[in-house]
1. To the nearest 20 Debye, how big is the dipole of the chain about its Cα centre, given +1 on the beta carbon of each Lys and Arg and -1 on that of each Asp and Glu?
2. How big is the antiparallel share of DSSP beta bridges in the chain, given as a percent to the nearest 5?
3. Given a 1.4 Å probe and the protein chains all in place, what does the accessible area of residue 47 round to, in Å² to the nearest 10?
4. Among 51, 86, 73, pick out the residue whose Cα is farthest towards the positive end of the charge dipole of the range 44-93, where Lys and Arg carry +1 and Asp and Glu carry -1 on C-beta, about the Cα centre.
5. Excluding residue 52 itself, what net charge comes from residues whose Cβ is under 11 Å from its Cβ, given Lys and Arg +1 and Asp and Glu -1?
6. For Cα pairs less than 8 Å apart in space and 6+ apart in sequence, what is the mean separation divided by the residue count of the chain, i.e. the relative contact order in percent?
7. Identify which of 21, 37, 79 has the largest mean-square fluctuation in a Gaussian network model of the chain, with springs joining Cα atoms closer than 10 Å.
8. Given H placed on each backbone N at 1.01 Å, which residues far from residue 83 in sequence or on other chains put an amide H within less than 5 Å of it?
Amino acid sequence: MPTASWHGHDVATSDDTVVVERNHYFPANSIDPALLEDSATRTICPWKGTAHYKTLVVDGERNPDAVWYYPDPKSAAAEIKGRYAFWKGVAVA
């Protein structure tokens, strides 16, 4: 079952991930919302749409913009709506 971990803590686990461009997109209910802080960062993907970011916070340590999601993806990426992906040192295995 895919698990995202950072600094030795599992931050998301689910057998219902969607893999797009080698990234596992986890369902929102697989992540404790207390671990996420809002971020103003946005990026644009030509085929997925506008990505929004969250800062991951584990045991007081912050990993800015380590989590991204598409709240309103383009139709080609509809399957990742409401799902979260990780980077910046967050291991997914």
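The values are calculated or read from the model by the stated rules, or taken from the named source; none is laboratory data. This is a predicted model, so every value here is computed, not measured. Neighbour counts are summed over all protein chains in view; Cβ atoms, including those assigned to glycine, are modelled from backbone coordinates with ideal geometry. Just so you know, the surface numbers come from the protein's heavy atoms only, side chains and all, with ligands and any DNA or RNA stripped out. Shrake-Rupley method; radii C 1.70, N 1.55, O 1.52, S 1.80 Å.
1. Values: 9 positive and 12 negative charges, 83 e Å.
So the magnitude is around 400 debye.
2. Working: 28 of 29 bridges.
DSSP beta bridges in the chain are roughly 95 percent antiparallel.
3. Counting only protein heavy atoms, the figure is 90 Å².
4. 73
5. Numbers: positive: 42, 54; negative: 38, 65, 72.
Residues near residue 52 contribute -1 overall.
6. Working: 195 pairs, mean separation 26.1, N = 93.
Computed value for the chain: 28 percent relative contact order.
7. 21
8. 70
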